[in-house]
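What follows is calculated from the coordinates using simple rules that are stated; it is not laboratory data. Model, not experiment: these values are computed from the prediction. Glycine also receives a Cβ, built like all others from the backbone with ideal geometry; neighbour counts cover every protein chain displayed.
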Amino acid sequence: MTSRRRRTRTTLTSTTLLLVVALGWWALSASGVFTTRGDEPTAATPDASTRTTVTEAAEPSRASRPSVTQTPGDDDGSAPAAAEARTTLATLPVKGSAPATGYDRVGDFGTAWLDVDHNGCDTRDDVLARDLSDVVRAGPCRVVTGELLSPYTGAPVHFVRGERTSTLVQIDHVVALENAWRTGAQQLPQERREALANDPRNLLAVDQHSNAQKRSSDAATWLPASKAFRCTYVERQIAVKAAYDLWVVPAERSAMERVLAAC
């Protein structure tokens, strides 16, 4: 009888210990002290790579963020483009501004707008079709409606062709024609001047207010209100002046250098 009681107590004690161990293991697992990697229990200590992954997942990557909208055909104002523009600017002659005496927009640069690329459409419609979105045409060329995001302000403009509405969207010469005339275009043959006036690199669809405000200004006296577009604007001016053998005046060159230094 005594032997049987001892065996019973021993069994109860073993069972109790097993229950305690099991309950303890369950409590530790629930608290996250141990995790299971396959069948092997290991200490769950968050490492640096785990924390980094969580942080990166919480913030979208730079590549996935929307970029500033660019005008079709433009570069992105990147450092390589700015560096190339600085190199080109250094090659442009620096002179004083020639007098505008005798300047005649039509006589010197041809009727607006010519079809210099011989595609059957005049230059204005070509630029509108390039720079506007949601374009609706009447026939193969004539743009009648569209949406412009003006590169000079970043503001949207709804274009509707009409006697009172067409002027809300205007085609700007990045290097103004009078400025070109005063910085070397007087020496160009008529054919080259007409090419300059209709060169897509020198043309942008913009809002009416910006175009009226700019008039014939160079970079020293006018820059786009949108600072995000200034690099591209100046890079274009330099490229056009280089292509047509034009020069820059001292203040203009200094202004271009300041803009490019921030690109």
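See the values below:
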item	result
Difference of contour (0.36 nm per residue) and Cα-Cα distance, VAL160 to ASP104	17.2 nm
Residue-count net charge about ALA185 - beta-carbon cut-off 14 Å; Lys, Arg +1, Asp, Glu -1	-2
Straight-distance crosslink candidates among lysines, where the alpha carbon sits under 19 Å from LYS214 and sequence neighbours closer than 8 are dropped	LYS227, LYS241
Theoretical FRET efficiency, 1/(1+(r/R0)^6), r = Cβ-Cβ of VAL135 and HIS209, R0 22 Å, to 0.05	0.50
Spin-label pair ALA228/ASP117, simplified geometry with 7 Å Cα→Cβ offset, distance in nm	2.6
Extension reserve of the ARG142-ALA90 stretch, reckoned as 0.36 nm per residue once the Cα distance is removed	14.6 nm
Spin-label model distance (nm) - GLU191 vs SER217, 7 Å beyond Cα toward Cβ	3.7
